[in-house]
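Visitor: Below is one structure. I have some questions about it.
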Amino acid sequence: MKKTLLCQATCILLSIGLSARCAEKEIPEGFTPIFNGKNLDGWYGNNPHTTAKAKDGETAAVIAAQQDEFKAHWTVEGDELVNDGHGPYATTAKEYGDIEFLIDYKTVAKADSGIYLRGNPQVQIWDYTKEGGKWGRGADKGSGGLFNNSSKSVAKNPLVLADKSFGQWNHFRIRQLGSRTSVWLNDKLVVDNAIMENYWDKNGTKPMVARGPIHLQTHGGEIRWRNIHLREISADEANQLLRGDDKADGFTSVFNGVDLSGWAGAADKYQVRDGAIVCKPGQGGVLHTSEKYDDFVVRLEFKLPTGGNNGLAIRYPGSGNAAYVGMCELQVLDNDAEKYSTLDSRQYHGSAYGMAAAARGYLRPTGQWNYQQVTVNGSTIKVELNGTVILDTDLAKITEYKSNAAHPGKNIKNGYFGFAGHQDPVMFRKISIRKLGK
C-alpha cells in the first residue's frame, strides 16, 4: 500500500514537473512574458481619455487617483488577467518602441474592447455578430482593424473576418515598427503594414509617438487575457522589415557598397568605408547619381555621428547649392546636438530645408542605423523615417521661407539624387531608387 502511494506521489510530482516544463516551452523564443499570471505586478490603471484631460503638472495625480478603481475591476484567475468591463485600462509600467506582441483574449457577447499601442487607440475587438448591434460601425468586418484611423484609411477595417465564436480564445500577433502596424488574428493577416494614425492629434499633422505603453481597454463587457508576451525589435531588424524586398518592389540599387562607380560631382570629397558612402571629415559638396530622375522613391540607411550634418539633394541640377537650386535639400541632422538647439524648425532632420518642417523625435540614438524612404511625386515630397511619416508636403504651395530666402529650384521637374555634404562623416548605405511611372 505504501509502495503504491509512493508511486502515485512520484507520478504526480513528475506530472507537475512536466507541466511546468511544458508551460516554459509555451513562451516563444525571444519573447518575454509581461504578465506573470499571478498578480498585477508590472501593470497599473490608466484610462488615457481621462488622463489626457489633466492640467499641466497634474497628470501623476490623475493617474494615482485611478489605482483603487483599477484594482477593484481587474483580477487574476489562474493564468488569466480578467476585467469585469469597468475601470481604467490595464497599462504596462514600461513604455515600448518597435515590438512584436502576442496576446490571447476571450470575451462575451456585445463586447467592444481593444489594444492601445504606445498609448494610441487601437487594435479593435468586436462582437462581430449581427446580434452585437454594431454592424453600422463596422463590427461585421471583424476584429483586428485600426478602428480609430480616419475613414480614408484602408486599415480602419480588417482585411478578413478572423474572429472565433464566443467562448473560444482568440490570438493576436501584433507588430509595431514606427507608426506602421501589422496585425494577425488567429494566424490570419488582418492589417498589413499600415500607418496607425495619431488619435490624439485632431489636426492630423503629428504622427503617433515613438514610444509609449500598451493599454488593454475596458468597455462594458467582461474580457479575459492570457499568454501576454512581447519582444522588442532591434534597430537592424526593424530596418530590414521596414525595407522589405527591393527587387520585388521594383527598386534598383545605385550604390555597390565598394566604390563610387555611378556617382558624379564631388566624388573626391567622399569615400567608401565599411560598405557606406561617407563624406570626408572637413570636406563637403554634392555627390550625386549619374542619372537624373523625375518622380521617384529612394530607400536608404544612414548613420549620424554626434552633431552630424548632411542632406539629401533632391532633383539637383548638377551645380550650385542643393538647398536652393534643386527641388530641395532634405536635411540629415543630429537633432539632439546642443549646437543645433536654436535652429529654425525647417532646418531639422527630414525637413525640406528652409521651406517645410518635419516632425521631430523619430531618429534612432546617434550611432545607430536609421531607415528612410523618400517619395518625390510632382511637387509633393514625403519622408518616412524608421516607419513614421515625418514630412508630407506640397512644395508648390510653400510661400514662406527661412530668412525670406527664395528657393528658385523648388519647382524643378527633374534632376540628380545625391548627398549635400557639410564636412561631417555621416554614413549612407543600401541606396536604391524606383522610378515612378507617369
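Visitor: Can you tell me how many residues in the stretch 344-368 are surrounded by 15 or more Cβ atoms within 10 Å (Cβ to Cβ) and not in a loop (DSSP other than H, G, I, E, B)?
Guide: Within the stretch 344-368, residues that are surrounded by 15 or more Cβ atoms within 10 Å (Cβ to Cβ) and not in a loop (DSSP other than H, G, I, E, B) number 4.
Visitor: Also, quick follow-up: List every residue pair whose Cβ atoms sit under 6 Å apart, with the two residues 6 or more apart in sequence or on different chains, where the first one lies in the stretch 82-94 and is among the aliphatic types (A, V, I, L, M) and the second, anywhere, is part of a loop (DSSP other than H, G, I, E, B).
Guide: Partner pairs satisfying both residue conditions: 93/42.
Visitor: Follow-up question, since we're still on this one. Just one of 192, 236 is in a strand (DSSP E or B), modelled with pLDDT of 95 or more, surrounded by fewer than 20 Cβ atoms within 10 Å (Cβ to Cβ) and not aliphatic (A, V, I, L, M); which is it?
Guide: Numbers: 236 fails: in a strand (DSSP E or B).
Being in a strand (DSSP E or B), modelled with pLDDT of 95 or more, surrounded by fewer than 20 Cβ atoms within 10 Å (Cβ to Cβ) and not aliphatic (A, V, I, L, M) holds for just one of 192, 236, which is 192.
Visitor: If you don't mind, another one. Which pairs have Cβ atoms under 6 Å, sit 6 or more apart or on different chains, and link a residue in the stretch 411-438 that is at pLDDT below 95 to one that is of a type in the set (Gly, Ala, Ser) and part of a strand (DSSP E or B)?
Guide: Once the first residue is at pLDDT below 95 and sits in the stretch 411-438, its partners that are of a type in the set (Gly, Ala, Ser) and part of a strand (DSSP E or B) give 421/284; 421/285; 422/284; 423/284.
Visitor: If you go through the stretch 267-277 one residue at a time, do you hit one that is crowded, with 19+ Cβ neighbours inside 10 Å, closer than 28 Å to residue 367 by Cβ and more than 26 Å from the chain's Cα centre (by Cα)?
Guide: Yes, the stretch 267-277 contains at least one residue that is crowded, with 19+ Cβ neighbours inside 10 Å, closer than 28 Å to residue 367 by Cβ and more than 26 Å from the chain's Cα centre (by Cα).
Visitor: Looking at (1) under 17 Å from residue 432 (Cβ atoms); (2) outside any loop (DSSP other than H, G, I, E, B), can you tell me which one residue 250 breaks?
Guide: All conditions pass for residue 250, except number (2).
Visitor: For residue 340, are the conditions met, namely being of a type in the set (Phe, Trp, Tyr), at pLDDT 95 or above, crowded, with 21+ Cβ neighbours inside 10 Å and in the same structural domain as residue 286 (by TED's automatic domain parsing)? Even if it seems obvious, please write down each step before you answer.
Guide: On the way: of a type in the set (Phe, Trp, Tyr): yes; at pLDDT 95 or above: yes; crowded, with 21+ Cβ neighbours inside 10 Å: no; in the same structural domain as residue 286 (by TED's automatic domain parsing): yes.
No.
Visitor: So, one more: Does the stretch 404-418 contain at least one residue that is assigned by TED's automatic domain parsing to the domain that holds residue 329, closer than 18 Å to residue 309 by Cα and buried (at least 18 other Cβ atoms within 10 Å of the Cβ)? Spell out how you get there, then give the answer.
Guide: Just the residues of the stretch 404-418 that are assigned by TED's automatic domain parsing to the domain that holds residue 329, to begin with: 404-418.
Filter once more, keeping what is closer than 18 Å to residue 309 by Cα: 417-418.
Of the ones still in play, those that are also buried (at least 18 other Cβ atoms within 10 Å of the Cβ) are 417-418.
Taking every residue of the stretch 404-418 in turn, at least one turns out to be assigned by TED's automatic domain parsing to the domain that holds residue 329, closer than 18 Å to residue 309 by Cα and buried (at least 18 other Cβ atoms within 10 Å of the Cβ).
Visitor: Pull up the stretch 100-154, narrow it to residues that are surrounded by fewer than 16 Cβ atoms within 10 Å (Cβ to Cβ) and of a type in the set (A, V, I, L, M), then point me to the one that is nearest to residue 168 (Cα to Cα).
Guide: Ranking the qualifying residues of the stretch 100-154, first place goes to 108.
Visitor: Among the residues of the stretch 268-282, which ones are more than 20 Å from residue 369 (Cβ to Cβ) and in contact with a Gly (Cβ under 7 Å, 6 or more places away or on another chain)?
Guide: Within the stretch 268-282, 269 is the sole residue that qualifies.
Visitor: Only one residue in 293, 316 is of a type in the set (Phe, Trp, Tyr), in contact (Cβ under 8 Å) with a residue 60 or more places away in the chain and more than 22 Å from residue 250 (Cβ to Cβ), so which one is that?
Guide: Values: 293 fails: more than 22 Å from residue 250 (Cβ to Cβ).
When all the criteria are applied, what remains is 316.
Visitor: Please go through the stretch 110-156 and pick out each residue that is part of a loop (DSSP other than H, G, I, E, B) and touching a Phe, Trp or Tyr at 6+ places or on another chain (Cβ under 6 Å).
Guide: Within the stretch 110-156, the first condition is being part of a loop (DSSP other than H, G, I, E, B), and the residues that meet it are 110-111, 118-119, 127-129, 133-134, 138, 142-145, 147-156.
Residues satisfying the conditions are 142, 143, 148.
Visitor: I would also like to ask the following. For residue 254, work out the one condition from (1) in contact (Cβ under 8 Å) with a residue 60 or more places away in the chain; (2) on the phi > 0 side of the Ramachandran plot it doesn't fulfil.
Guide: Against the list (1) in contact (Cβ under 8 Å) with a residue 60 or more places away in the chain; (2) on the phi > 0 side of the Ramachandran plot, residue 254 comes up short only on (2).
Visitor: Still on this structure, I have one more. When you scan the stretch 267-310 for strands (runs of 3 or more DSSP E) that lie fully inside it, which ones turn up with 3 or more residues that are under 20 Å from residue 381 (Cβ atoms) and aliphatic (A, V, I, L, M)?
Guide: On the way: elements: 270-273, 276-279, 284-293, 296-303.
Passing ranges, in order: 296-303.
Rundown of residues vs (1) under 28 Å from the mean Cα position of the chain (by Cα); (2) within 13 Å of residue 216 (Cβ to Cβ); (3) not assigned by TED's automatic domain parsing to the domain that holds residue 195, yes/no style:
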position: 66; (1), (2), (3): no, no, no
position: 73; (1), (2), (3): no, yes, no
position: 78; (1), (2), (3): no, no, no
position: 89; (1), (2), (3): yes, yes, no
position: 113; (1), (2), (3): yes, yes, no
position: 125; (1), (2), (3): yes, yes, no
position: 132; (1), (2), (3): no, no, no
position: 138; (1), (2), (3): yes, no, no
position: 142; (1), (2), (3): yes, no, no
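Visitor: Next question. Looking at (1) modelled with pLDDT under 95; (2) surrounded by fewer than 15 Cβ atoms within 10 Å (Cβ to Cβ), which one does residue 221 not meet, given that it meets all the others?
Guide: It is condition (2) that residue 221 fails.
Visitor: Would you call residue 245 assigned to a loop (DSSP other than H, G, I, E, B), at pLDDT 95 or above and loosely packed, with under 14 Cβ neighbours inside 10 Å? Reasoning before the result, please.
Guide: Numbers: assigned to a loop (DSSP other than H, G, I, E, B): yes; at pLDDT 95 or above: yes; loosely packed, with under 14 Cβ neighbours inside 10 Å: yes.
Yes; evaluated as a whole, the condition is true for this residue.
Visitor: Kindly indicate which of 401, 371, 348, 362 is farther than 23 Å from residue 179 by Cβ and either of a type in the set (Ser, Thr, Tyr) or in the same structural domain as residue 315 (by TED's automatic domain parsing) (or both). Break it down stepwise before answering.
Guide: Values: 371 fails: farther than 23 Å from residue 179 by Cβ; 348 fails: farther than 23 Å from residue 179 by Cβ; 362 fails: farther than 23 Å from residue 179 by Cβ.
The match here is 401.
The values are calculated or read from the model by the stated rules, or taken from the named source; none is laboratory data. As the structure is a computational prediction, the values presented were derived from the model and not from experiment. A quick note on method: Cβ atoms are made from the backbone with ideal geometry, for glycine too, and the neighbour counts reach across all protein chains shown.
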